[in-house]
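Below: one structure, written as structure tokens.
The values are calculated or read from the model by the stated rules, or taken from the named source; none is laboratory data. Bear in mind the structure is a predicted one, so any value in this text is a computation, not a measurement. Methodologically, a virtual Cβ is constructed for each residue, glycine included, from the backbone with ideal geometry; neighbour enumeration extends over all protein chains shown.
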Amino acid sequence: MGNSFHIKWKSSSKLWLILSIIFSLVLLIPLGSIFLSIFETVGDGWSEIFDGLLQTYLGNTLILAFGVSFCCLMFAVLPAWLIANYRFPFSGSLKWMMVLPLSIPTYIIAFLYGDIFSFGGEFYLLAEQIFGIGIKTIYFDIFKIYYLIPILSSVLYPYIYLTCLDSFENSNRSHIESAELMGKSRFTIFRKIALPLSRPAIVSGLFLVNMELLNDYGAMDFFGIQTFTTGIFRTWFGLNDLGTALRLALILFSISFLFIYIERIFRRQAKYYEEGNHAKLTKTRIGFLGSLIAIIICFIPVTIGFLFPISKLIYNALTTYHSVDYFEYTVAMMNTIFLAFAAASVIVIISITLIYGERTGKFESLSRLISLSTIGYAIPGAIIAVSMLYFLSGLKTSFGIFGFGTLIVLIYAYNIRFMATAYSPIKSATDKLGMNSYETSRLLGLGNLQAIWKVELPVLQPAILTAMLVAVVEILKELPLTLILRPFNYETLSTIAYQYAKNEMVKDASIYSLSIVAISILPIIFFVKSKKEK
Amino acid sequence: MSFLEVKNIVKSFGETEVLKGISFDMDAHSRLALIGKSGSGKTTMLRLIAGLEIPNSGTITINGEELTSDKNFIKPEKRNMGYVFQNHSLFPHLDVYSNIVFSISKQPKKMKMDIAMSYLNMLGLEDKLKSYPHQLSGGEKQRISIIRTLASKPRLLLLDEPFSNLDKNTKEKLKIDLKEILDKEKLPTIMITHDADDSFDLADEVILLDEGNIVARGNPEDLYKRPINDHSARFFSESDILEKNESNEKFFSNYGLTEKRICIAPQSIKIAEEGTQAKILGHKFVGNGYMVKLDIMGAELKMFSIERITNPTINVKILEIISI
């Protein structure tokens, strides 16, 4: 009977069950359709790419993946250890300042540093004015892959910093304290205990860094680095060759899955690594020299990734505000806010439906389907855009419906990409809530919907708001999906900032970039505040 | 026809079979305790009765109405069961009054208030009417949770380890209150606990579960005094189970015992002027007295004594020997 479909169906809430199956399939079908593209005929673009560019794409992707991973580890791990273990001036403020670079999208940081170090940029002007050094003596071409590595790392390292900090501060406390009682120095403990034990946390942070990297289009395009994402754009927009774009997307899809697979293996290990005491470590006070070194080590990534770029953005905005087209700015701002809130609302509603489908249903296979449907967070935006186009053209052939270039399609694509941003916080809140309140209200005679409406939703409100906020900010920062799928002439803050930068008018992009950063900083403040309250 | 009938219930979670064909019945107005160690399947059994889980096979009926079977499944909200969870599960965003009247929200306001106040007065909690769950102590939360369940007028009350998160004093007070309420309401009740003492205080019948099987059933006092098997002996009392072997052979022959396994409760051994000589092996303080470890003709047994025994040997009389 436990396995009988009839009884499981009878005991489940049909509304949530049916809706969650429909939504899961709706989220997965466009992604799944990309596998069918293998049978598509390809244009001349494919042979051109296959003969030479494919190696370049792969080579650049590998160089960036290794380089950015290494650089992010340098920026994140040691500061996380210092902040978790030692008390030094500014350590409290640095703890949350280290997270701030997350508010700057990769394309904005690339525009800024590209502008500063380009020929005639502020770096050379200052060198000439202060030290009297001529541009030609010290000029170097910033638009090289090796320079892009530290630039991107300076805004991506917080993913590793956050997971490492949690691991050092909480999860591995008992092991660190045991080693300390055995007379080991903190440095030995760092090398021999903390680092090996934090491996799953580091890998999980590295996974997020690399996913962001694979997703990036704006920075690569601005620096002229050829990767799979720029290749997809080029073959589609430049060569109008959807078949090749789909094939490139399929290769990128496979690389993403490889990363997901590696991350899953390490996450499974994490269960064994991260057991034990979850209280916080006692911090050691360090002397003057030690404090100075610690401050410098922690301030380097914060300065490169936030303080310097934000100062430059503010400076640029102050010097260009008179030339800003405020009508264009207002329209872009309104478009962005409307799009972000509309898409985030749909994402939150669908997340709740998926969660309740899983929570109230009795089918185990449904949980797997729902979990799979939130996988879009690990799929680069360009893949989602290409698969959407392929899926829509299939719909047009079969049913005469197209919809390409409409807001509905863009919102649909955002749902695929950002479902996990809302699903995860709400799911974690419902897991924490447990089933008792829900089951009690059912036993007290309330139907499924009533139990959720009257008992669970009021308690879940903070998690739903957090989910909404995170989704809004992610959509606001998003570039590749928006660029490809937006309606004609529909401009958002990110698309205008990108276009200005592409036309070598980086300073004019500042007010748009600053607005994106200002809004993106909100969930970080929210996150820091909630951590402090805890 | 019994009030509740549970027939051949099998329940697995993945590969693990938690209940292995459980059957029992229960009369209206009776109070049944399902007891057993952690993992014995007692909570699963209660959740199956409430409709919170689906069994792999088996049927559950109340007053002849089929609640769960191969063909039928009545949803939890249609079963009219009262369920008290071990962690109270009061709704955190509702005050005490709103929690209590949650299931009777369609009744007139005055009636709702009367119902809430009658229960609150009974338990001396009338001043907590407007308090929120986070403002209550553990014992108060559990009392309100019980009141909320009773206010819904269930046909069967299910208590899932209602005392497990409480300190000793609060637990004893709550037991007294609960007994008073159950006596007044005359409500059929199934309580699960891992503490035999709870069943002595509240239940008139006990089912002992072990690894998904019913291993003993009966009146709690009888099971305490005369355990019917190893499980009940170990669970209900500190009775010693003796298996005949070379070292205690003399004891078995002295008492003319033909059985190979016997059970002797500590309370069945008394100090007597004329009796069998016993060597004192040790004492264990148990609060209201001592559990004295004795060696009687090679058999190691326990005896309860109010005072500590200073002599190295004493004479004892065994009042009852139970064969298993």
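Residues being out of contact with any helix residue (DSSP H, G or I) (no Cβ under 6 Å at 6 or more places or on another chain) and within 14 Å of another protein chain (Cβ to nearest Cβ) are entirely absent from segment A:69-89. The residues in segment B:61-85 that are within 22 Å of the chain's Cα centre (by Cα) and either surrounded by fewer than 20 Cβ atoms within 10 Å (Cβ to Cβ) or closer than 13 Å to B:LEU156 by Cα (or both) can be counted, and the count is 5.
Scanning segment B:265-324 for residues that are in contact (Cβ under 8 Å) with a residue 60 or more places away in the chain and of a type in the set (Val, Ile, Thr) yields a total of 4.
Listed here are the residues, each with its yes/no results for (1) more than 14 Å from chain B (Cβ to nearest Cβ); (2) loosely packed, with under 14 Cβ neighbours inside 10 Å.
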| site | (1), (2) |
| --- | --- |
| A:LYS8 | no, no |
| A:SER13 | no, no |
| A:LEU28 | yes, no |
| A:PHE35 | yes, yes |
| A:ILE38 | yes, yes |
| A:ASP44 | yes, yes |
| A:ASP51 | yes, yes |
| A:GLN55 | yes, yes |
| A:PHE66 | yes, yes |
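Could you go through segment B:1-8 and let me know if any residue there is touching a strand residue (DSSP E or B) at 6+ places or on another chain (Cβ under 8 Å) and within 13 Å of another protein chain (Cβ to nearest Cβ). There is at least one residue in segment B:1-8 that is touching a strand residue (DSSP E or B) at 6+ places or on another chain (Cβ under 8 Å) and within 13 Å of another protein chain (Cβ to nearest Cβ). Would a scan of segment A:436-449 turn up a residue that is modelled with pLDDT of 85 or more, surrounded by fewer than 19 Cβ atoms within 10 Å (Cβ to Cβ) and more than 14 Å from chain B (Cβ to nearest Cβ)? Looking for residues that are modelled with pLDDT of 85 or more, surrounded by fewer than 19 Cβ atoms within 10 Å (Cβ to Cβ) and more than 14 Å from chain B (Cβ to nearest Cβ), one finds none in segment A:436-449, hence no. Scanning segment B:44-85 for residues that are closer than 17 Å to B:THR189 by Cα, in a loop (DSSP other than H, G, I, E, B) and touching an Asp or Glu at 6+ places or on another chain (Cβ under 9 Å) yields a total of 2.
When the residues of segment B:50-65 are filtered to those that are within 19 Å of B:ASP27 (Cβ to Cβ) and not small (Gly, Ala, Ser), which remaining residue is nearest to the other protein chains (Cβ to nearest Cβ)? Among residues in segment B:50-65 that are within 19 Å of B:ASP27 (Cβ to Cβ) and not small (Gly, Ala, Ser), the one nearest to the other protein chains (Cβ to nearest Cβ) is B:THR59.
Within segment A:133-157, residues that are farther than 14 Å from A:LEU64 by Cα have Cβ atoms under 7 Å from residues that are acidic (Asp, Glu) in these pairs: A:GLY134/A:GLU128; A:ILE135/A:GLU128, counting only partners at least 6 apart in sequence or on another chain. Within segment A:344-386, being charged (D, E, K, R), within 14 Å of chain B (Cβ to nearest Cβ) and touching a helix residue (DSSP H, G or I) at 6+ places or on another chain (Cβ under 9 Å) holds for A:ARG359, A:LYS362.
Quick one: which residue in A:TYR498, A:TYR490, A:TYR512 is touching a helix residue (DSSP H, G or I) at 6+ places or on another chain (Cβ under 8 Å), surrounded by fewer than 20 Cβ atoms within 10 Å (Cβ to Cβ) and away from chain B (no Cβ under 14 Å)? Steps first, answer last, please.
Numbers: A:TYR498 fails: surrounded by fewer than 20 Cβ atoms within 10 Å (Cβ to Cβ); A:TYR512 fails: surrounded by fewer than 20 Cβ atoms within 10 Å (Cβ to Cβ).
That would be A:TYR490, the only listed residue that is touching a helix residue (DSSP H, G or I) at 6+ places or on another chain (Cβ under 8 Å), surrounded by fewer than 20 Cβ atoms within 10 Å (Cβ to Cβ) and away from chain B (no Cβ under 14 Å).
Residue-by-condition table, conditions (1) polar (S, T, N, Q); (2) under 21 Å from the mean Cα position of the chain (by Cα); (3) crowded, with 18+ Cβ neighbours inside 10 Å:
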position: A:ILE293; (1), (2), (3): no, no, no
position: A:PRO309; (1), (2), (3): no, yes, yes
position: A:ASP325; (1), (2), (3): no, no, no
position: A:GLU328; (1), (2), (3): no, no, no
position: A:LEU354; (1), (2), (3): no, no, yes
position: A:GLU358; (1), (2), (3): no, no, yes
position: A:LEU372; (1), (2), (3): no, yes, no
position: A:GLY376; (1), (2), (3): no, yes, yes
position: A:ALA382; (1), (2), (3): no, yes, yes
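With respect to the conditions (1) touching a residue at least 60 places away in the same chain (Cβ under 8 Å); (2) in a helix (DSSP H, G or I), A:PRO89 falls short on a single one, namely (2). Summed over segment B:167-222, residues that are part of a strand (DSSP E or B) and farther than 29 Å from B:ASN63 by Cβ total 1.
Give segment B:67-99 a look and list any residue that's among the aliphatic types (A, V, I, L, M) and either at the interface with chain A (Cβ under 7 Å from one of its Cβ atoms) or out of contact with any strand residue (DSSP E or B) (no Cβ under 6 Å at 6 or more places or on another chain) (or both), or say none. Show your work before the answer.
We begin by selecting, within segment B:67-99, every residue among the aliphatic types (A, V, I, L, M); these are B:67, B:74, B:81, B:84, B:90, B:94, B:96.
Those that are among the aliphatic types (A, V, I, L, M) and either at the interface with chain A (Cβ under 7 Å from one of its Cβ atoms) or out of contact with any strand residue (DSSP E or B) (no Cβ under 6 Å at 6 or more places or on another chain) (or both): B:MET81, B:LEU90, B:LEU94, B:VAL96.
Within segment B:223-254, the set of residues being outside any helix (DSSP H, G or I), touching a helix residue (DSSP H, G or I) at 6+ places or on another chain (Cβ under 6 Å) and buried (at least 16 other Cβ atoms within 10 Å of the Cβ) comprises B:PRO227, B:SER237, B:SER239, B:LYS244. If the condition is being surrounded by 22 or more Cβ atoms within 10 Å (Cβ to Cβ) and of a type in the set (S, T, N, Q), then segment A:231-256 contributes A:THR235, A:THR244.
Taken over segment B:86-130, the residue count meeting the criterion of being over 28 Å from the mean Cα position of the chain (by Cα) and assigned to a loop (DSSP other than H, G, I, E, B) is 10.
Hey, among A:ILE416, A:ILE411, which residue is more than 9 Å from chain B (Cβ to nearest Cβ), touching a residue at least 12 places away in the same chain (Cβ under 8 Å), out of contact with any strand residue (DSSP E or B) (no Cβ under 8 Å at 6 or more places or on another chain) and surrounded by fewer than 22 Cβ atoms within 10 Å (Cβ to Cβ)?
Details: A:ILE416 fails: surrounded by fewer than 22 Cβ atoms within 10 Å (Cβ to Cβ).
On inspection, the qualifying residue turns out to be A:ILE411.
Quick grid of which residues meet (1) loosely packed, with under 15 Cβ neighbours inside 10 Å; (2) more than 14 Å from chain A (Cβ to nearest Cβ); (3) over 19 Å from B:ILE35 (Cβ atoms):
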| site | (1), (2), (3) |
| --- | --- |
| B:VAL101 | no, no, yes |
| B:ILE115 | no, no, yes |
| B:ASP127 | yes, yes, yes |
| B:SER137 | yes, yes, yes |
| B:LEU158 | no, no, no |
| B:SER164 | no, no, no |
| B:THR170 | no, yes, yes |
| B:GLU180 | yes, yes, yes |
| B:LYS184 | yes, yes, yes |
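Scanning segment A:450-471 for residues that are hydrophobic (A, V, I, L, M, F, W, C) and within 7 Å of chain B (Cβ to nearest Cβ) returns A:VAL455, A:VAL459. For segment A:427-434, the criterion of being away from every other protein chain (no Cβ under 14 Å), within 22 Å of the chain's Cα centre (by Cα), surrounded by 18 or more Cβ atoms within 10 Å (Cβ to Cβ) and at pLDDT 85 or above is met by at least one residue.
Inspection of segment B:302-313 finds a residue satisfying the criterion of being touching a strand residue (DSSP E or B) at 6+ places or on another chain (Cβ under 8 Å), in a loop (DSSP other than H, G, I, E, B), β-branched (Val, Ile, Thr) and closer than 26 Å to B:ALA196 by Cβ.
Based on this model, can you work out whether B:ARG47 counts as basic (Lys, Arg), closer than 17 Å to B:GLU17 by Cα and at the interface with chain A (Cβ under 9 Å from one of its Cβ atoms)? The answer is yes for B:ARG47.
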